[in-house]
Amino acid sequence: MSNYKHLIFAMMALIGLSSLAMASAEKQPFYKAGEYGLTADQFAEFPLPLGYYDKKLNEDGKIDLGETLSYRSKQQNGFNLVASIIFVCAILHTFLAGFFVNMAHHHQEVHEVRIKKEGRTACAKPQDDAKDDVSFKAQALHFLGEVEVIFGLWVAALVISIYYFFGFLGEGLDGFLDGYHQVQLYFGSDVNFIEPVFVVIIMAIAATRPVVRFAERVIGSIARLFGGGPAAWWISIITIAPILGSFITEPAAMTIAAMLLGKRFFDKNPPANFAYATLGLLFVNISVGGTLTHFAAPPVLMIANTWNFGLDYMFLNFGLKAVVGILIANTIYFFIYKKHFKALAEENGRANHRPLWADREDSIPFFVTFVHMAFLAWTVLNAHDPPLFILGFIFFLGFTQTTGHHQNEVSMKSPLLVGFFLAGLVIHGKCQSWWIEPLITSIDNRYILMIGSTVLTAFNDNAAITYLASQAPGLSIGAKYAILAGAVTGGGLTVIANAPNPAGQSILGKYFKGGVVPFKLMKAALIPTVIMGACFMLIPSKGMTEDPLENVEHHDKHAEDTHDAEHTDVTHGASHDDHSGQSH
């Protein structure tokens with residue numbers, strides 16, 4: 001564990017030093033806040049602000065989608081188009097990850113036979129701590145098959161394109177420093193890495209033994225009401241954990257749910273189709289389960305303030321419908337795969353192997369659990385303030401060291417890989433606004449808009465979809481509702497659709513031979529996705545037609561009118577008194 005601590009402390013130190021360096025550097029924004037509709041300064045030349053583009057309208061005065069996309073794709077010498085092609089390549093790469101993993105296994109097997117024949121294994125070497133010779137080809141292919149690193153890998157291609165379009169193009173080698181400067185400004189000032197860092201820390205805390213054991217006791221008390229068998233645990237975890245995400249954030253809920261499902265379900269070797277169905281259902285449930293509040297789900301956070309979608313609005317118009325959808329989808333999947341639960345129970349009865357230290361069932365003192373939950377709460381409450389939750393995490397690591405016999409190793413591999421995945425996604429995603437925004441705003445029918453938002457979410461982060469929609473002026477409440485409904489509904493279709501999904505795949509991916517196949521995941525998530533979409537769009541609620549933002553604007557207008565009237569009365573009274581005094 002000390003090695004991981006050294007890594008974390010080094011990471012925190014680098015973050016702190018880089019923050020100080022950036023704060024001390026004098027940088028001038030290329031586009032200032034307020035220009036072209038920007039809400040904050042933008043320092044890099046790219047991507048162009050949405051307000052910069054000319055509007056391309058047809059004869060009816062509506063957006064001409066084809067002309068708009070053609071016009072925008074050619075801006076900045078075609079950088080927009082190249083950045084999106086790179087993004088599409090990264091998405092296609094995720095669908096081919098299993099192919100690279102299988103190739104890696106093949107080359108590794110060939111390599112092991114070769115080194116054994118040539119005497120290059122660890123046993124054949126004279127040193128006590130010798131290691132087998134490594135196959136570079138097998139390791140490289142395995143690296144290319146790691147879903148969590150794919151978007152980060154394709155960031156390299158994006159960086160090269162930035163150097164070309166904003167450095168070398170027109171200036172040749174003399175533009176090298178200009179290209180580097182643009183990369184520095186984009187990565188250091190324009191891209192927000194708070195969410196990836198937050199997910200790394202919340203995953204690490206939520207996966208600790210005291211937190212998982214506490215969640216297991218809470219969910220287990222519900223499971224025992226239904227007999228405590230595999231079926232009871234399955235339905236309890238897949239129902240309660242997603243709803244819990246509305247209060248402890250979706251990444252934390254995903255981590256806890258994945259850990260418990262691994263222990264109570266996936267360890268029992270369910271059939272492949274049942275395993276995919278559970279994973280797809282989990283992803284969809286987590287995506288919609290965070291909508292009972294306005295602070296737990298990333299796509300909701302992006303629009304909560306701008307659209308005034310507060311706690312009461314989210315609970316009444318999204319949260320209750322999400323709970324109904326979760327219950328319906330879970331019930332349908334339960335009866336579809338009901339016959340497999342008996343085999344899982346028999347598998348559990350045959351398991352008599354010696355338990356691992358990490359799976360020990362000895363009790364954990366209440367104080368230790370309470371401190372862990374306090375650190376978890378601190379991280380959630382300060383989710384938008386990295387210095388606070390990073391500092392809290394450093395103290396948390398110290399506490400785990402002092403209570404080591406009640407802990408398992410604080411594993412950082414999965415959280416760091418997930419953080420790397422999300423960082424790569426936000427880097428690419430910021431350059432996709434040029435085509436996503438007109439697609440969203442060009443659709444009038446709310447049902448088609450909801451379906452379009454769902455489909456777009458499958459191939460982009462759902463938080464990016466809602467953020468771009470929040471930048472579009474004049475959206476009706478029907479459009480706002482449909483976009484958010486589609487974003488949370490489609491959050492389980494792919495790994496990249498919702499920020500917590502990589503955390504779930506990182507924990508549960510080992511149970512799928514050759515890794516999680518994207519097409520099988522999408523197929524498994526399709527039924528619950530349709531159910532959730534139907535619940536959001538067919539169950540009526542006031543928030544579908546009444547805009548909470550209009551109520552605020554009306555209240556502000558009324559307050560302003562009242563203030564003006566009072567001011568007029570005071571002024572009139574003062575004038576009357578002056579006039580009366582002059583008369584006397």
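The values are calculated or read from the model by the stated rules, or taken from the named source; none is laboratory data. Small disclaimer: the values here were computed from a predicted structure and weren't measured. Glycine gets a Cβ as well: all are built from the backbone with ideal geometry, and neighbour counts include every protein chain shown.
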Quiz item: Does A44 count as in contact (Cβ under 8 Å) with a residue 12 or more places away in the chain and part of a helix (DSSP H, G or I)?
Solution: no
Practice problem: Within the stretch 165-175, identify whether any single residue is under 29 Å from the mean Cα position of the chain (by Cα) and assigned to a helix (DSSP H, G or I), and answer yes or no. | Solution: no
Quiz item: Among the listed residues I202, I222, I194, which satisfies the condition of being at pLDDT below 90, touching a Ser or Thr at 6+ places or on another chain (Cβ under 6 Å) and not charged (D, E, K, R)?
Solution: I202
Practice problem: Among the residues of the stretch 173-211, count how many are of a type in the set (A, V, I, L, M, F, W, C) and surrounded by 19 or more Cβ atoms within 10 Å (Cβ to Cβ). | Solution: 13
Practice problem: Output yes when any residue across the stretch 446-456 is surrounded by fewer than 21 Cβ atoms within 10 Å (Cβ to Cβ) and of a type in the set (S, T, N, Q), and no when none is. | Solution: no
Exercise. Kindly establish whether A482 is within 29 Å of L96 (Cα to Cα), surrounded by 19 or more Cβ atoms within 10 Å (Cβ to Cβ) and hydrophobic (A, V, I, L, M, F, W, C).
Key: no
Practice problem: Say whether the condition of being more than 30 Å from M103 (Cα to Cα) and either surrounded by 15 or more Cβ atoms within 10 Å (Cβ to Cβ) or not assigned by TED's automatic domain parsing to the domain that holds L397 (or both) is met by at least one residue in the stretch 128-135. | Solution: yes
Practice problem: Please determine, by comparing only the residues of the stretch 400-415 that are in a helix (DSSP H, G or I) and in contact with a helix residue (DSSP H, G or I) (Cβ under 6 Å, 6 or more places away or on another chain), which one is modelled with the highest pLDDT. | Solution: H406
Quiz item: How about the stretch 143-183: which of its residues are under 21 Å from Q28 (Cβ atoms) and either out of contact with any helix residue (DSSP H, G or I) (no Cβ under 9 Å at 6 or more places or on another chain) or β-branched (V, I, T) (or both)?
Solution: I162, V183
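Yes or no, residue by residue, for (1) surrounded by 24 or more Cβ atoms within 10 Å (Cβ to Cβ); (2) out of contact with any Phe, Trp or Tyr (no Cβ under 8 Å at 6 or more places or on another chain); (3) closer than 28 Å to C89 by Cβ:
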| site | (1), (2), (3) |
| --- | --- |
| V410 | no, no, no |
| P415 | yes, yes, yes |
| N460 | no, yes, yes |
| G478 | no, yes, no |
Self-check item: Which listed residue, of A223, A241, is under 19 Å from the mean Cα position of the chain (by Cα), in a helix (DSSP H, G or I) and either hydrophobic (A, V, I, L, M, F, W, C) or in the same structural domain as V410 (by TED's automatic domain parsing) (or both)
Solution: A241
Exercise. Please list, ordered by first then second residue, the pairs with beta carbon atoms under 7 Å, 6 or more apart or interchain, first in the stretch 439-457 and farther than 23 Å from I496 by Cβ, second of a type in the set (D, E, K, R) and in a helix (DSSP H, G or I).
Key: none
Quiz item: Does any residue in the stretch 83-111 that is over 27 Å from L158 (Cα atoms) come within less than 6 Å, Cβ to Cβ, of a residue that is of a type in the set (K, R) and in a helix (DSSP H, G or I) six or more places away or on a different chain, and which pairs are these?
Solution: H107/K137
Quiz item: So, in the stretch 273-331, of the ones that are assigned to a helix (DSSP H, G or I) and of a type in the set (F, W, Y), which residue ends up farthest from the chain's Cα centre (by Cα)?
Solution: F274
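Conditions (1) in the same structural domain as I256 (by TED's automatic domain parsing); (2) over 30 Å from T379 (Cβ atoms), marked per residue:
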| residue | (1), (2) |
| --- | --- |
| G167 | no, yes |
| D178 | no, yes |
| T208 | yes, no |
| F214 | yes, no |
| G229 | yes, yes |
Exercise. Considering only the stretch 332-367, state which residues are over 29 Å from the mean Cα position of the chain (by Cα), assigned to a helix (DSSP H, G or I) and at pLDDT 80 or above.
Key: F335, I336, K338, K339, H340, F341, K342, A343, L344, F366, F367
Quiz item: Within the stretch 294-306, how many residues are out of contact with any Leu (no Cβ under 6 Å at 6 or more places or on another chain), without any contact (Cβ under 8 Å) to a residue 60 or more places away in the chain and within 17 Å of Y481 (Cβ to Cβ)?
Solution: 2
Quiz item: When both residues are 6+ apart or on different chains and their Cβ atoms are under 6 Å apart, which pairs have a first residue that lies in the stretch 208-230 and is more than 25 Å from F367 (Cα to Cα), and a second that is of a type outside the set (G, A, S)?
Solution: A223/W233; P230/F341; P230/L344
Quiz item: Can you tell me which residues in the stretch 96-147 are closer than 30 Å to G419 by Cα, assigned to a helix (DSSP H, G or I) and out of contact with any Gly (no Cβ under 9 Å at 6 or more places or on another chain)?
Solution: H106, H107, Q108, F136, K137, A138, Q139, A140, L141, H142, F143, L144
Quiz prompt | Within the stretch 443-533, helices (runs of 4 or more DSSP H) holding 3 or more residues that are modelled with pLDDT of 90 or more | solution = 446-458, 477-489, 501-508
Quiz item: Looking at (1) over 18 Å from the mean Cα position of the chain (by Cα); (2) buried (at least 20 other Cβ atoms within 10 Å of the Cβ), can you tell me which one K510 breaks?
Solution: (2)
Quiz item: In the stretch 48-56, is there at least one residue being part of a loop (DSSP other than H, G, I, E, B), touching a residue at least 60 places away in the same chain (Cβ under 8 Å), crowded, with 18+ Cβ neighbours inside 10 Å and of a type outside the set (D, E)?
Solution: yes
